[in-house]
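The values are calculated or read from the model by the stated rules, or taken from the named source; none is laboratory data. No experiment lies behind these values; they were computed from the predicted model shown. Because the Cβ atoms are built from the backbone with ideal geometry, glycine has one as well, and the counts that use them run over all protein chains shown. Calculation scope for accessible area: heavy atoms of the full protein, side chains included, ligands and nucleic acids excluded. Shrake-Rupley method; radii C 1.70, N 1.55, O 1.52, S 1.80 Å.
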Amino acid sequence: MSVDRDLPERTDPRTRRPLPEGIRYRPDRGGKYQVRVWGIGMDGVWKERTSLVDTLKEAKALRAESAARQFPEGSMKLTDWHSKYWSIIRDSVRPATARAYERGWRLRVLPALGYRKLESITAGDVERALSAWTGGASTKIDALSVLSRLLDGAVRARLIGSNQARLARRPLAEPQLNLRSRALTTSEVRVLLEGVPPGPYRDYLAGLIYTGMRANEAAALQVGDVDLQSRVIHVHRSFSTDLDGQVREYTPKSHKERDVPIPAVLAPHLASAMQGKTRTALVFTGPRGGRINGSNVRRAVRWDSVRQRLDRDDYRLHDLRHTLATLLFDGGAAANDVQAIMGHSTLQMTERYSRARSDAARRGADRLDSVFGRQDHGGLSR
């Protein structure tokens, strides 16, 4: 069928019928159909967006898509949206989380999806990217989280209709560590502390072991937070390093303030650390009064030699925190009390320190013995 190039742009040259509103025939664009749609932009202003397609059927389908009408700026690339929205994400999370998100974006999300238009990213695209990313499950989840936050923001800004990252299958979490195995026994605690010369570093390590505080919580502890008479420490601050390298004070993880006990064995260490200091002074400081942190502690006490004395090649400073929860359970403390002292967000996390499950097999054997009777180890009794 011949096509009349002299017909008006609003008339279909193939059928000679008027074209639907918003569709024009463009002989000057290679005989394509131009589709015009309107929608609300990032600034709340209605904006026009046009596209060219080969057939009238395609033009009508595109015109009918509600997403195209509603989200005219969905053609923005993910990397461009990141440059606009990253500061909002960064300022809404803790510095440590922001650092993990920044690495996830730079090393994983940007190379895989940064060039893609927001509206073109599907759950399948996200899953394929996840499978190609290197690193463990937690590393991949960090990258997925920053992508999801970016797309959540794009939904709120009316750039796209839905967050496809939320539909993607998350990577399987890594097997949980047996946290009881990371805790020190009472004899190992003595070995560790006796191997460190008396002074600020031994006091700091004792504080970590006997209170279960996180390293940055103990570093931010002030004299006024310690009540030796009531044998309680109020934990309500923590140090963290911002993306600009500045150390700042924040609330504890999950913003959970809590009180932790002061056992008698810790009191001398606290008294030594606080001697001559004002209420607002830091409890744990270096030999010259400077701020203490994990790096300078590990260096000062020669952490590798500590590991050798404990015969634990992979032992971390953070693992000292696991000791208190385990000892509290062994001492008969209730799970909800342990949760409150440790500042755990869920009771499930707390119960990983309990012997209840690890002792299930022994208790089961005792119950079976009560049914069948005890047998000689050499064989069946007659």
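Classify the stretch 70-122 as rounded, prolate or oblate, taking a ≥ b ≥ c as the square roots of the eigenvalues of its Cα gyration tensor: rounded when a/c is under 1.5, otherwise prolate if a/b is larger than b/c and oblate if not.
Values: a/c = 2.98, a/b = 1.62, b/c = 1.85.
Taking the square roots of the gyration eigenvalues as a ≥ b ≥ c, the stretch 70-122 is oblate.
If you compute semi-axes √(5λ) of the Cα gyration tensor in Å for the structure shown, which of [x] 62, 29, 17; [y] 73, 24, 15; [z] 66, 26, 14 do you land on?
Matching the structure shown: [x].
Net charge around R307, counting only other residues with Cβ within less than 11 Å of its Cβ (Lys, Arg = +1; Asp, Glu = -1)? Intermediate results must be reported in sequence, preceding the final value.
On the way: positive: R298, R302, R309, R312, R316; negative: D304, D311, D313, D314, D319.
For residues surrounding R307, the net value is 0.
Compute the distance in nm between two label points, each set 7 Å from the Cα along the Cα-to-Cβ direction, one at A123 and one at S254.
For A123 paired with S254, the spin-label model returns 2.9 nm.
Determine the per residue accessible area of the stretch 101-140 with all protein chains present and a 1.4 angstrom probe, expressed in square angstrom. The partial results should precede the final answer.
Details: 1950 Å² over 40 residues.
Each residue of the stretch 101-140 exposes 49 Å² on average to a 1.4 Å probe.
Probe radius 1.4 Å, ligands and nucleic acids ignored: give me the carbon and sulfur share of the accessible area of the stretch 154-286 as a rounded percent. Before the final figure, lay out the partial values.
Numbers: 3540 of 6910 Å².
Its accessible area is 51 percent carbon and sulfur atoms.
Only Cα pairs under 8 Å and at least 6 apart count here; give the relative contact order of the chain as a rounded whole percent.
Numbers: 508 pairs, mean separation 45.7, N = 382.
Rounded, it is 12 percent for the chain.
What's the ranking of 248-258, 263-273 by average number of surrounding C-beta atoms within 10 Å, highest first? Provide the component values of the computation, followed by the final result.
Working: 248-258: 13.5, 263-273: 15.7.
Peptide ranking by packing, descending: 263-273, 248-258.
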